[in-house]
Each structure stands twice: as structure tokens, then as C-alpha cells.
Amino acid sequence: MSRPRLLAFPASARKDSFNRMLLKGMVSGADAAGASVTLIEPHDYPLPIYDGDLEAGQGLPAPAAALQSLFAEHDGLLLASPEYNGFFTPLLKNTLDWLSRPLPDGSGRPGTVHVRGKPVGIASASPGALGGIRSLQHTRLYLSNLGFIVVPEQVGVPNAAKVFDAAGRLTDERLAKAVEGVGAAVAGLAARLTSR
Ligand SMILES: Cc1cc2nc3c(=O)[nH]c(=O)nc-3n(C[C@H](O)[C@H](O)[C@H](O)COP(=O)(O)O)c2cc1C
């Protein structure tokens, strides 16, 4: 069986983002479960806030087209997003909204062609007491609307300012295993789906 290819996306562009640290734990789990993971950075795909007039005038921005190709080439996604007022970040929404637009040549079915039927694992870290869990149900719904299969495993990590060590690893082994488990679940499902 060939190794499934997964993308990993931190939905915070912040240099010291707790969610990027969390994502790296998911990446470790997916890697150990046999996936090959490409970690991408929001700063490498700068996108304006979605604007229908801009799209009509200039077409899909180059970073959105590049992301579409990347998603098409991968079998699944690992995603860690901060919670902003109970929701996932505007960065995530805007990025995936652009991604859901028609292909540069006008072909394809908006919203689904690059991601439909592909597994995704979600997690959130927050300095607060709830670990971003309020946002995860919205993230799950949004990703489902785009056509992803969201795996049941998910993790919210509270007290994020205190639970990562200097290397960005979770110090609580049980929590670290749960986070790795989300990555492993995506890797496992992607392997099963791509072996057919
Ligand atoms: C606009 C805004 C809204 C926020 N709302 C929440 C929230 O609803 N729940 C929460 O736990 N933290 C909230 N936070 C705090 C974030 O969890 C915190 O800034 C976190 O470090 C962001 O993730 P990052 O470290 O990956 O960038 C909010 C932060 C911002 C900037």
C-alpha cells in the first residue's frame, strides 16, 4: 500500500502559534501511522478577503490556484485552528472559501472537487479553560459542507500557554497521544480510501 499524502494547515499565521505546535503533534501521529505529510504556512498563500468583483475581474488569485493544486494532489488534511469568539478563524474560512471557487480554467464543481471524500482531522488549542472546543463543532460542520469527511477523533487543548515545552511538544503524555491519535486516524482512513 502506498503512503497516503496529507496536507497540514495551521489556521493561525502567528509566529508562536499554539495551534501550529498542536498541528505538529498531529503530523507526528500521521507520520508514525504511515502518511507522508506536507506542512504548509498561511503566509506562503496570502489571499485577500473574498470579493466577487475581484474574482470576476482578475480570476482566482494565484495563491488560491496553487492551493487548489496542492489539495488535489493530497489525500487528506490535518487542521488546527484557534477559537475566535467561539468559531474557527477568518483565515481558515477565507482560505477555504477561495479554494472552493471554480478551477482557473472554469471547470470543476465549486466547493468540492479538490476535497470531496477526503478525510480531515481537527484540533484546537487555547490559553483559555475550554481548549477551543466550542469552535470544533463549527469547524466540523464547515468542513463537511465542503465535502470533507471529518474523522470523529478531535482534541481541544486548554491552558495552551502552559502545556507545551520549549520544543513545542505537549508535556502531558496522554494528551500528546490523543493529538497524535487524530493524525493517525486521518492517515488510516486516507490509506483505506486510496487503496481502493
Ligand atoms: C479575536 C479573538 C477572539 C478570541 N476568542 C477566543 C475564544 O472564543 N475562545 C478562546 O478560548 N480563546 C479566544 N481567543 C484567544 C486565542 O485562543 C489565543 O489568542 C490563541 O493564542 C490563538 O491561537 P494561536 O496561538 O494558534 O495563534 C481569541 C483571540 C482573538 C484574537
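Of note:
- Residue match in region 47-70 (condition: under 14 Å from the mean Cα position of the chain (by Cα) and under 25 Å from G156 (Cβ atoms)): no
- Filter result (open to solvent by less than 40 Å² (accessible area, probe 1.4 Å) and farther than 19 Å from I133 by Cβ) within region 150-185: G168, A184
- Test: residue in region 55-75 that is buried (at least 18 other Cβ atoms within 10 Å of the Cβ), in contact with a Leu (Cβ under 6 Å, 6 or more places away or on another chain) and within 16 Å of R20 (Cα to Cα): no
- Inter-residue pairs, beta-carbon under 6 Å, first more than 18 Å from L22 (Cβ to Cβ) and in region 126-153, second in a strand (DSSP E or B), 6+ apart: S144/V150; F148/V120; I149/P119
- Checklist (1) loosely packed, with under 14 Cβ neighbours inside 10 Å; (2) farther than 19 Å from L146 by Cα; (3) more than 13 Å from the chain's Cα centre (by Cα) applied to E41, failing item: (3)
- The set of residues from region 76-90 being buried (at least 20 other Cβ atoms within 10 Å of the Cβ) and within 13 Å of the ligand (Cβ to nearest atom) comprises L79, A80, S81, P82, E83, F88, T89.
- Within region 155-168, the residues that satisfy the criterion of being within 15 Å of the ligand (Cβ to nearest atom) and of a type outside the set (D, E, K, R) are V155, G156, V157, P158, N159, A160, A161, V163, F164, G168.
- Looking only at region 103-149, residues that are open to solvent by less than 20 Å² (accessible area, probe 1.4 Å), at pLDDT 95 or above and either within 16 Å of the ligand (Cβ to nearest atom) or among the aliphatic types (A, V, I, L, M) (or both) come to 11 in all.
- When region 14-25 is filtered for residues that are out of contact with any Asp or Glu (no Cβ under 7 Å at 6 or more places or on another chain) and open to solvent by less than 30 Å² (accessible area, probe 1.4 Å), the ones remaining, listed by number, are S17, N19, R20, L22, L23.
- Candidate set from region 7-54 (those that are closer than 25 Å to S100 by Cα and among the aromatic types (F, W, Y)); member that is farthest from the ligand (Cβ to nearest atom): Y50
The values are calculated or read from the model by the stated rules, or taken from the named source; none is laboratory data. Keep in mind the model is a prediction, meaning the values are calculated, not measured. Don't worry about glycine lacking a Cβ; one is built from the backbone with ideal geometry, like all the others, and counts go over all protein chains shown. Heavy atoms of the whole protein, side chains included, go into the accessibility calculation; ligands, DNA and RNA do not. Shrake-Rupley method; radii C 1.70, N 1.55, O 1.52, S 1.80 Å.
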